[in-house]
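Visitor: Once you've had a glance at the structure underneath, I'll fire off some questions.
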Amino acid sequence: MRKTERYAFKAREEDLETIIALHDRNFGQPDEGLIVRRLHENGESLLSVVAQLDHKIVGHCQFFDIETGAQSTGFAKFAGLGPISVLEDHRNIGMGYYMISYGLRTLKRQGYQKVFVLGDPAYYSKDGFSVDETAGMSAPWGGPYFLAKRLNPGGPELAELIYPSAFFED
């Protein structure tokens, strides 16, 4: 496959049902697709990126704003990453990396300071994410799978991270 055959684009509104079906299929259950739907319906989607191959959506990567609580020590412009999914037949050829890179470049240009993700450190460390960047951050989850990447200088050293309601709705 030639690199010119791979493309990452900002998703269109009409792509939503295809994106949700992709997540449901890949994860074998509806939780991630439901999170994507809720982020879009609640107006909490910051950036939705699709990977296309031969004009077919083969991957999706979701970004969302993360707010900070009153106890934070300064202005923050933070985002979260996830869920992300690539069709099984198109894995291990760089589709995830391509979508994440597109999103990170976009958010960097928009002045975001950090992006947080909950995921496999071996995978996300290739994109520059580390657990060290989460130091001083209080979130609904933590541990070795809670990672962040700095995109721009600034932001509080101590902050309570408030995730969108889409992650907590029943």
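Visitor: Got a number for carbon plus sulfur as a percent of the range 1-126's accessible area, 1.4 Å probe?
Guide: 48
Visitor: Using a probe radius of 1.4 Å on heavy atoms only, what accessible surface per residue do you get for the chain? Whole Å² is fine.
Guide: So the chain comes to 53 Å² accessible per residue, rounded to a whole number.
Visitor: A further question on this structure: If each DSSP helix of 4+ residues adds -39,500 (n - 2.57) and the sum is divided by the residues in the chain, what number results at 222 nm, nearest 500 deg cm²/dmol?
Guide: -7500 deg cm²/dmol
Visitor: Angle between the Cα long axis of helix 31-41 and the longest principal axis of the chain, 0 to 90 degrees, nearest 10?
Guide: 80
Visitor: With every protein chain kept in the model, how would you rank Tyr123, Tyr97, Tyr7, Tyr163 by accessible area, 1.4 Å probe, largest at the top? Intermediate results must be reported in sequence, preceding the final value.
Guide: Numbers: Tyr123 75, Tyr97 125, Tyr7 105, Tyr163 20 Å².
The most accessible residue leads, giving Tyr97, Tyr7, Tyr123, Tyr163.
Visitor: If each Cα of the chain is one equal point scatterer, what is log10 of I(q)/I(0) from the Debye formula at q = 0.09, 0.13 Å⁻¹?
Guide: Evaluating at q = 0.09, 0.13 Å⁻¹ gives log10 I(q)/I(0) of -0.29, -0.61.
Visitor: Among the listed pairs Lys10/Lys56; Lys56/Lys126; Lys56/Lys77; Lys10/Lys77; Lys77/Lys149, which have their C-alpha atoms separated by more than 23 angstrom in this model?
Guide: Beyond 23 Å between Cα atoms: Lys56/Lys126; Lys56/Lys77.
Visitor: Averaging sequence separations of C-alpha pairs under 8 Å and six or more residues apart, then dividing by the length of the range 42-92, give the relative contact order as a whole percent.
Guide: That works out to 32 percent.
Visitor: Quick check: with the 1.4 Å probe, what order do Met95, Met137 take by accessible area, largest first?
Guide: Most to least solvent-accessible, the answer reads Met137, Met95.
Visitor: What net charge do the residues around Asn26 carry, taking every other residue with its C-beta under 9 Å from that of Asn26, with Lys and Arg at +1 and Asp and Glu at -1?
Guide: -2
Visitor: In what order, largest first, do Arg12, Arg37, Arg109 sit by accessible area if the probe radius is 1.4 Å? Walk me through the numbers before you get to the answer.
Guide: Values: Arg12 130, Arg37 65, Arg109 180 Å².
The ordering from most to least exposed comes out as Arg109, Arg12, Arg37.
Visitor: Kindly report, to the nearest 10 Å², the accessible surface of Lys108 as traced by a 1.4 Å probe over protein heavy atoms only.
Guide: Roughly 110 Å² of Lys108 is accessible to a 1.4 Å probe.
Visitor: Assigning unit charges at the beta carbon (Lys, Arg +1; Asp, Glu -1) and nothing else, what dipole magnitude in debye, to the nearest 20, does the chain show about its Cα centre?
Guide: Roughly 880 debye, rounded to the nearest 20.
The values are calculated or read from the model by the stated rules, or taken from the named source; none is laboratory data. Since we're looking at a predicted model, the values are computed, not measured. In this analysis, Cβ positions are derived from the backbone assuming ideal geometry, glycine residues included, and neighbour counts consider all displayed protein chains. Protein only, heavy atoms only, side chains kept; ligands, DNA and RNA dropped before computing areas. Shrake-Rupley method; radii C 1.70, N 1.55, O 1.52, S 1.80 Å.
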